[in-house]
Amino acid sequence: MNKFPAWKYALLIVALGLGAIYALPNLFGDDPSVQISSTRGFELPDEFPAEIQRSLDGINIESKGIDFTPQRLLVRFESTELQARAADALRERLGDEYVVALNLAPATPDSLRAISAEPMVLGLDLQGGVHFLMEVDMDAARAQQLERFVSDIRLVLRNSGIRYRSVRVDRNDIVAELRSPEDREEASRIIARDLPELTLENRDGSETYNIQAQIDETVLQELQQNALQQNITTLRNRVNELGVSEPIIQQQGANRIVVQLPGVQDTAEAKRVLGSTATVEYRGVDEQNDPYEAQRTGRVPAQSRLYFDRQGEPILLSRTVIASGDNLVGAAAGFDQQSGQPNVVVTLDGVGARRMLEHTTENVGNRMAVVFIEHRPETEIVDGEEVRTTRRVEEVISAAVTREPFGRRFQTTGLGTATEATQLAMLLRAGALAAPMQIIEERTVGPSLGQDNIDQGFQSVIIGFALVLVVMAVFYKLFGLIANLALTANLVLIVALLSMLGATLTLPGIAGIVLTVGMAVDANVLIFERIKEELRLGNTPQTAIRAGYGKAFSTIADANVTTLIAAIVLFMFGTGPVKGFAVTLSLGILTSMFTAILGTRAVVNLIYGNRKRVQALSI
């Protein structure tokens with residue numbers, strides 16, 4: 001008796017239906033588009049789409065539509081000519097406050113986008129661009145942390161009136177030399193109270209009473225991880241300069257960062273921009289003079305400097321820098337416990353903390369500003385030759401009232417949203433601590449080569465697919481055609497899963513699909529050969545079908561599970577292209593088992609159901 005329960009039919013129909021829907025966006029192609037985002041990474045205003053539309057109407061450029069989120073705005077066009085014209089006009093109109101990047105946006109219908117149906121993301125080897133693998137110098141990051149704690153210990157001892165001979169770094173430790181056992185005991189108590197990140201141990205010198213301090217390993221790992229994340233944030237800010245629409249900047253391992261910039265072909269330019277620098281400064285606000293009057297007349301008080309905030313409003317700040325990015329240890333976004341408003345908690349080193357305490361003690365009730373400073377490398381053509389210069393860009397990103405004196409740790413309030421607080425914390429960290437990095441691998445993929453890879457990869461899939469279809473149809477007749485249906489459904493499901501998961505399709509990924517096409521029919525070959533063997537033993541067609549699917553399952557499972565384990569290991573320990581191969585291979589194994597076993601069984605049961613009297617099988 002051949003029985004196939006109704007719930008399995010329902011599962012098959014639902015899976016194939018969803019697969020077809022989520023694979024469909026890959027058929028619609030792309031729209032030439034212009035992507036606009038804030039240079040600083042802040043949210044775009046709600047009225048921004050209307051402003052952009054008015055700008056386009058003013059130069060007689062018609063768009064297909066505008067997609068808006070607080071992080072970016074995307075304008076779609078019918079042709080690349082309109083795209084280029086609009087990008088040039090918008091760059092001139094918006095200036096340096098916004099990044100205007102050329103982009104190819106998926107032309108997916110709104111009905112599919114409403115259910116998050118998006119096309120596959122193409123990797124660098126298919127789209128073209130540059131790839132960097134950068135290694136962060138964690139030894140330098142550790143040394144920077146040790147030097148900061150040296151400054152903190154000196155400040156703590158001075159504030160407590162404890163005399164010491166020296167505080168220095170000794171390899172991976174900090175050694176504080178005290179003059180007496182009493183001084184050492186008091187210093188240990190003070191340091192343990194104010195700097196709980198340190199582990200203390202008493203060590204006697206020849207003429208001194210020493211404290212040997214080590215950074216707690218958990219704290220050190222957290223500090224190094226923060227340094228790595230700050231570098232990633234800095235790189236993201238730098239990549240905005242290149243106008244890359246969908247860059248990939250992610251951590252790889254414990255101390256490496258992968259940077260992939262699709263569409264960028266000039267490696268030297270990319271290296272130049274990624275090497276640009278940023279920092280922050282804390283300055284007091286000049287509350288005695290009118291910044292608008294200073295802007296109008298050009299006469300700025302001698303003790304002040306004229307700055308502008310993110311809205312372009314003038315503000316007068318003191319020429320004296322309270323603390324800078326070099327003094328910044330960390331910055332984290334959060335919420336004020338009393339008001340519930342978003343804030344950013346900032347931590348300074350010893351030198352910065354002393355200056356901050358002195359300033360805030362004398363300026364309670366006055367504002368203090370955070371100035372974000374970038375050194376942007378630029379290239380100009382002078383007398384027909386390229387001249388590289390660096391432009392200093394300064395912007396006030398926050399100005400809040402000092403409520404009470406503070407020093408090493410304080411919070412910045414007056415922020416509009418939690419997103420703005422998060423962005424401000426990112427900018428503060430990006431402009432401060434950044435462990436040294438070096439590029440240990442780089443490669444460039446041209447757009448023509450990327451298109452060739454797509455064409456040849458697609459051709460290989462089609463050829464392999466067609467050959468398998470022919471062989472199966474010739475060798476197994478009707479059962480072969482059923483297997484071909486399963487193979488077609490398998491390809492659809494692979495594409496759908498890649499699209500749903502947002503996985504990046506690379507050239508090795510295409511190789512994984514080609515391999516899957518061949519492997520997908522292995523299960524059917526095993527099943528069909530088992531059915532033929534049962535028929536040769538004299539069993540009835542219905543018995544042969546049931547035995548073929550039942551007895552071949554263990555062999556199919558063994559073969560596919562071992563291959564799946566290998567694919568998982570490749571994904572866990574591989575990098576870049578190897579991961580792309582492992583992803584498509586893993587997905588292909590799962591979908592091929594589903595379609596080859598469940599899918600073909602359902603079709604075979606429809607044709608040779610348990611209530612039908614079958615004399616022979618077309619196999």
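The values are calculated or read from the model by the stated rules, or taken from the named source; none is laboratory data. Keep in mind the model is a prediction, meaning the values are calculated, not measured. For neighbour counting, all protein chains shown are included, and Cβ atoms are generated from backbone atoms with ideal geometry for every residue, glycine included.
Observations, loosely collected:
- Taking the criterion of being surrounded by fewer than 23 Cβ atoms within 10 Å (Cβ to Cβ) and within 24 Å of Pro541 (Cβ to Cβ), the residues of the stretch 489-525 that qualify are Asp522, Val525.
- Residues considered: Ala596, Ala559. Of these, the only one that is within 23 Å of Val14 (Cβ to Cβ), modelled with pLDDT under 85 and in contact with a helix residue (DSSP H, G or I) (Cβ under 8 Å, 6 or more places away or on another chain) is Ala596.
Table: residues versus (1) assigned by TED's automatic domain parsing to the domain that holds Arg367; (2) at pLDDT below 85.
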{"site": "Glu201", "(1), (2)": "no, no"}
{"site": "Ala227", "(1), (2)": "no, yes"}
{"site": "Asn255", "(1), (2)": "no, yes"}
{"site": "Val264", "(1), (2)": "no, yes"}
{"site": "Ala270", "(1), (2)": "no, yes"}
{"site": "Asp290", "(1), (2)": "yes, no"}
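- Subset of the stretch 77-118 that is hydroxyl-bearing (Ser, Thr, Tyr) and over 25 Å from the mean Cα position of the chain (by Cα) - its residue that is nearest to Gly65 (Cα to Cα): Ser79
- Within the stretch 341-359, residues that are closer than 20 Å to Val167 by Cβ and in the same structural domain as Gly330 (by TED's automatic domain parsing) have Cβ atoms under 7 Å from residues that are among the polar types (S, T, N, Q) and buried (at least 17 other Cβ atoms within 10 Å of the Cβ) in these pairs: Leu348/Asn327; Asp349/Ser151; Asp349/Asn327; Gly350/Ser151; Val351/Ser151; Val351/Asn327; Gly352/Asn327, counting only partners at least 6 apart in sequence or on another chain.
- Positions within the stretch 1-18 being of a type outside the set (A, V, I, L, M, F, W, C) and modelled with pLDDT of 90 or more, in sequence order: Gly17
Each row is one residue, and each column tells you yes or no for (1) modelled with pLDDT under 80; (2) under 30 Å from Gly29 (Cβ atoms).
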site	(1), (2)
Ile373	yes, no
Pro377	yes, no
Asp383	yes, no
Thr402	no, no
Gly414	yes, no
Glu420	yes, no
Leu427	yes, no
Gln438	yes, no
Gln456	no, yes
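- Selected residue [out of contact with any helix residue (DSSP H, G or I) (no Cβ under 9 Å at 6 or more places or on another chain) and surrounded by 13 or more Cβ atoms within 10 Å (Cβ to Cβ)] from Leu18, Leu90, Leu82: Leu82
- Candidates Leu306, Leu328 - the one that is without any contact (Cβ under 8 Å) to a residue 40 or more places away in the chain and aliphatic (A, V, I, L, M): Leu306
- Hey, Ala486 in contact with an Asp or Glu (Cβ under 9 Å, 6 or more places away or on another chain), of a type in the set (Gly, Ala, Ser), assigned to a helix (DSSP H, G or I) and buried (at least 19 other Cβ atoms within 10 Å of the Cβ) or not: no
- Any hit, the stretch 87-98, residues being of a type in the set (Phe, Trp, Tyr), touching a Leu at 6+ places or on another chain (Cβ under 9 Å), at pLDDT below 85 and within 26 Å of Gln221 (Cα to Cα): no
- Tallying residues that are under 28 Å from Leu261 (Cβ atoms) and crowded, with 16+ Cβ neighbours inside 10 Å within the stretch 132-143 yields 7.
- Test for Asp349: is it surrounded by fewer than 20 Cβ atoms within 10 Å (Cβ to Cβ), among the charged types (D, E, K, R) and modelled with pLDDT of 75 or more: no
- Criterion violated by Ala302 - all others in (1) exposed (fewer than 12 other Cβ atoms within 10 Å of the Cβ); (2) over 20 Å from Glu394 (Cα atoms) satisfied: (2)
- Contact annotation: residue pairs with Cβ atoms under 8 Å, 6 or more positions apart or on different chains, pairing a residue in the stretch 598-619 that is over 19 Å from Phe553 (Cβ atoms) and of a type in the set (S, T, N, Q) with a partner that is surrounded by 20 or more Cβ atoms within 10 Å (Cβ to Cβ) and modelled with pLDDT of 85 or more, are Ser618/Phe479.
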